[in-house]
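S.K.: There's a structure below that I have some questions on.
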Amino acid sequence: MKQRRRIYYSAAQRAEIWDRWQRGESMSSIGRGFERESSSIFSVLSPSGGIRPPDRKRSGRALSLSDREEISRGLVAGRSLRAIAVQLGRAPSTISREVGRNGGVDQYRAALSDQAAWDRALRPKRCKLACHPGLRRTVSRKLRRKWSP
(Lines give C-alpha, C1' and ligand atoms only; values in the text may rest on other atoms or scores of the structure.)
Protein backbone atom coordinates (compact mmCIF):
# COMPACT_ATOMS: atom_id res chain seq x y z
CA MET A 1 0.00 0.00 0.00
CA LYS A 2 1.35 3.40 -0.98
CA GLN A 3 1.97 5.88 1.84
CA ARG A 4 0.34 9.26 1.18
CA ARG A 5 1.86 12.57 2.19
CA ARG A 6 0.02 14.58 4.84
CA ILE A 7 -1.79 17.58 3.39
CA TYR A 8 -1.52 20.94 5.13
CA TYR A 9 -3.81 23.83 4.34
CA SER A 10 -2.92 27.47 4.88
CA ALA A 11 -5.18 29.72 6.96
CA ALA A 12 -6.63 31.22 3.77
CA GLN A 13 -7.35 27.78 2.33
CA ARG A 14 -9.01 26.67 5.57
CA ALA A 15 -11.16 29.80 5.53
CA GLU A 16 -12.22 29.03 1.95
CA ILE A 17 -13.06 25.44 2.91
CA TRP A 18 -15.26 26.69 5.76
CA ASP A 19 -16.92 29.31 3.52
CA ARG A 20 -17.74 26.72 0.87
CA TRP A 21 -18.99 24.27 3.52
CA GLN A 22 -21.28 26.96 4.98
CA ARG A 23 -22.66 27.66 1.50
CA GLY A 24 -23.74 24.01 1.38
CA GLU A 25 -21.13 22.48 -0.92
CA SER A 26 -20.28 18.83 -0.42
CA MET A 27 -16.87 17.64 0.73
CA SER A 28 -16.35 16.03 -2.68
CA SER A 29 -16.92 19.29 -4.57
CA ILE A 30 -14.74 21.25 -2.14
CA GLY A 31 -12.03 18.60 -2.57
CA ARG A 32 -12.25 18.85 -6.35
CA GLY A 33 -11.78 22.62 -6.07
CA PHE A 34 -8.50 22.03 -4.24
CA GLU A 35 -7.56 19.01 -6.40
CA ARG A 36 -7.62 16.82 -3.30
CA GLU A 37 -9.62 13.88 -2.02
CA SER A 38 -12.71 14.57 0.08
CA SER A 39 -10.99 12.84 3.01
CA SER A 40 -8.54 15.74 3.26
CA ILE A 41 -11.49 18.14 3.55
CA PHE A 42 -13.04 15.87 6.17
CA SER A 43 -9.90 16.24 8.29
CA VAL A 44 -10.42 20.03 8.35
CA LEU A 45 -14.16 19.90 9.13
CA SER A 46 -14.45 16.94 11.49
CA PRO A 47 -12.50 18.15 14.58
CA SER A 48 -15.19 20.75 15.29
CA GLY A 49 -18.11 18.61 14.16
CA GLY A 50 -18.71 20.55 10.95
CA ILE A 51 -19.31 23.79 12.86
CA ARG A 52 -16.89 26.57 12.05
CA PRO A 53 -14.73 27.31 15.10
CA PRO A 54 -14.54 30.94 16.20
CA ASP A 55 -11.49 32.90 15.10
CA ARG A 56 -8.73 32.80 17.66
CA LYS A 57 -8.19 36.02 19.54
CA ARG A 58 -5.95 37.09 22.34
CA SER A 59 -7.05 38.30 25.75
CA GLY A 60 -6.61 42.02 26.26
CA ARG A 61 -4.39 41.24 29.22
CA ALA A 62 -1.95 39.09 27.23
CA LEU A 63 1.25 40.50 25.77
CA SER A 64 0.84 41.65 22.18
CA LEU A 65 3.40 41.44 19.39
CA SER A 66 4.17 45.15 19.84
CA ASP A 67 4.77 44.55 23.58
CA ARG A 68 7.14 41.73 22.70
CA GLU A 69 8.97 43.95 20.21
CA GLU A 70 9.44 46.57 22.95
CA ILE A 71 10.83 43.87 25.23
CA SER A 72 13.22 42.78 22.49
CA ARG A 73 14.39 46.34 21.81
CA GLY A 74 14.87 46.97 25.52
CA LEU A 75 16.97 43.83 25.91
CA VAL A 76 19.14 44.77 22.94
CA ALA A 77 19.61 48.24 24.43
CA GLY A 78 20.80 46.64 27.69
CA ARG A 79 17.88 47.85 29.82
CA SER A 80 16.80 45.90 32.88
CA LEU A 81 13.65 43.80 32.92
CA ARG A 82 12.26 46.11 35.60
CA ALA A 83 12.79 49.19 33.40
CA ILE A 84 11.12 47.45 30.46
CA ALA A 85 8.18 46.51 32.70
CA VAL A 86 7.74 50.13 33.83
CA GLN A 87 7.77 51.32 30.20
CA LEU A 88 5.09 48.77 29.23
CA GLY A 89 3.02 49.26 32.37
CA ARG A 90 3.38 45.59 33.27
CA ALA A 91 4.58 43.72 36.33
CA PRO A 92 8.30 42.90 36.29
CA SER A 93 7.43 39.24 36.89
CA THR A 94 5.41 39.19 33.65
CA ILE A 95 8.40 40.40 31.66
CA SER A 96 10.74 38.05 33.49
CA ARG A 97 8.55 35.00 32.77
CA GLU A 98 8.12 36.05 29.13
CA VAL A 99 11.87 36.37 28.59
CA GLY A 100 12.64 33.21 30.57
CA ARG A 101 10.28 30.98 28.64
CA ASN A 102 11.43 32.29 25.27
CA GLY A 103 15.19 31.88 25.19
CA GLY A 104 16.42 34.21 27.93
CA VAL A 105 17.98 37.65 27.72
CA ASP A 106 20.52 36.65 25.07
CA GLN A 107 18.22 34.78 22.66
CA TYR A 108 14.82 36.50 23.02
CA ARG A 109 13.12 37.25 19.67
CA ALA A 110 9.72 38.96 19.52
CA ALA A 111 8.25 37.19 16.48
CA LEU A 112 9.30 33.72 17.63
CA SER A 113 8.01 34.43 21.14
CA ASP A 114 4.67 35.61 19.78
CA GLN A 115 4.26 32.47 17.67
CA ALA A 116 5.25 30.29 20.63
CA ALA A 117 2.59 32.02 22.75
CA TRP A 118 -0.07 31.23 20.12
CA ASP A 119 1.12 27.62 20.01
CA ARG A 120 1.09 27.25 23.80
CA ALA A 121 -2.46 28.59 23.94
CA LEU A 122 -3.86 25.79 21.75
CA ARG A 123 -6.45 23.54 23.35
CA PRO A 124 -6.90 20.78 24.29
CA LYS A 125 -3.68 20.21 26.16
CA ARG A 126 -2.41 17.02 27.73
CA CYS A 127 -3.19 16.90 31.44
CA LYS A 128 -0.42 17.30 33.98
CA LEU A 129 -0.66 13.69 35.12
CA ALA A 130 -0.08 12.49 31.55
CA CYS A 131 2.96 14.74 31.14
CA HIS A 132 4.67 14.29 34.53
CA PRO A 133 5.33 10.67 35.56
CA GLY A 134 6.63 11.68 39.01
CA LEU A 135 3.47 13.59 39.80
CA ARG A 136 1.38 10.71 38.45
CA ARG A 137 3.12 8.23 40.79
CA THR A 138 2.68 10.54 43.79
CA VAL A 139 -1.03 11.05 43.14
CA SER A 140 -1.56 7.34 42.56
CA ARG A 141 0.26 6.45 45.78
CA LYS A 142 -1.76 8.95 47.81
CA LEU A 143 -5.06 7.79 46.29
CA ARG A 144 -4.25 4.20 47.25
CA ARG A 145 -3.79 5.46 50.83
CA LYS A 146 -7.17 7.23 50.53
CA TRP A 147 -5.40 10.54 51.16
CA SER A 148 -7.35 13.74 50.60
CA PRO A 149 -6.03 17.31 50.62
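S.K.: Hey, rough spin-label estimate for Ser10 and Cys127, points 7 angstrom out along Cα→Cβ, what's it come to in nanometres?
M.R.: Simple spin-label model gives 4.0 nm for this pair.
S.K.: Something else about it: Probe of 1.4 angstrom, ligands and nucleic acids ignored: what's the accessible area per residue over the chain, in square angstrom? All intermediate terms of the calculation are to be shown ahead of the outcome.
M.R.: Details: 11470 Å² over 149 residues.
Roughly 77 Å² per residue, with all protein chains present.
S.K.: At most 11 other Cβ atoms within 10 Å and a DSSP loop assignment: could you name the chymotrypsin sites (Phe, Trp or Tyr not before Pro) in segment 8-45 that fit?
M.R.: Tyr8
S.K.: Loop only per DSSP, at most 13 neighbouring Cβ atoms within 10 Å: give me the chymotrypsin sites (Phe, Trp or Tyr not before Pro) in segment 44-149, ordered by residue number. Mind dumping the intermediate values first?
M.R.: Numbers: sites: Tyr108, Trp118, Trp147; in loops: Tyr108, Trp147.
Taking segment 44-149 and a limit of 13 other Cβ atoms within 10 Å, the loop chymotrypsin sites (Phe, Trp or Tyr not before Pro) found are Trp147.
S.K.: Restrict the search to segment 56-142; then list the trypsin sites (Lys or Arg not before Pro) that DSSP places in a loop and that have at most 10 other Cβ atoms within 10 Å of their Cβ. Intermediate values should be presented prior to the final figure.
M.R.: Values: sites: Arg56, Lys57, Arg58, Arg61, Arg68, Arg73, Arg79, Arg82, Arg90, Arg97, Arg101, Arg109, Arg120, Lys125, Arg126, Lys128, Arg136, Arg137, Arg141, Lys142; in loops: Arg56, Lys57, Arg58, Arg61, Arg79, Arg90, Arg109, Lys125, Arg126.
Answer in residue order: Arg56, Lys57, Arg61, Lys125, Arg126.
S.K.: Project the alpha carbons of segment 76-147 onto their principal axes and report the range along each, largest first, in whole Å.
M.R.: Reported extents, whole Å, longest axis first: 55, 23, 22.
S.K.: Counting only C-alpha contacts under 8 Å and six or more residues apart, can you give the relative contact order of the chain as a whole percent? Each step should come with its number before you reach the end.
M.R.: Details: 73 pairs, mean separation 18.2, N = 149.
Relative contact order comes out at 12 percent.
S.K.: Quick one: putting +1 on the C-beta of Lys and Arg, -1 on the C-beta of Asp and Glu, what dipole do you get for the chain around its Cα centre, in Debye to the nearest 20?
M.R.: Numbers: 34 positive and 13 negative charges, 265 e Å.
That gives a dipole near 1280 debye.
S.K.: Under the rule a/c < 1.5 gives rounded, and otherwise a/b versus b/c splits prolate from oblate, where does the chain land using the Cα gyration tensor?
M.R.: Taking the square roots of the gyration eigenvalues as a ≥ b ≥ c, the chain is oblate.
S.K.: Additional query: Give me the number: length gained by fully extending Ser48 to Arg120, i.e. 0.36 nm times residue separation minus the C-alpha to C-alpha distance, one decimal in nm.
M.R.: Extra length available between Ser48 and Arg120 comes to 24.0 nm.
The values are calculated or read from the model by the stated rules, or taken from the named source; none is laboratory data. All figures in this text were calculated on a predicted structure; none of them were measured in a lab. All Cβ positions, even for glycine, are placed from backbone atoms using ideal geometry, and neighbour counts span all protein chains on display. All accessible areas refer to the heavy atoms of the entire protein, side chains included, with ligands and DNA or RNA removed. Shrake-Rupley method; radii C 1.70, N 1.55, O 1.52, S 1.80 Å.
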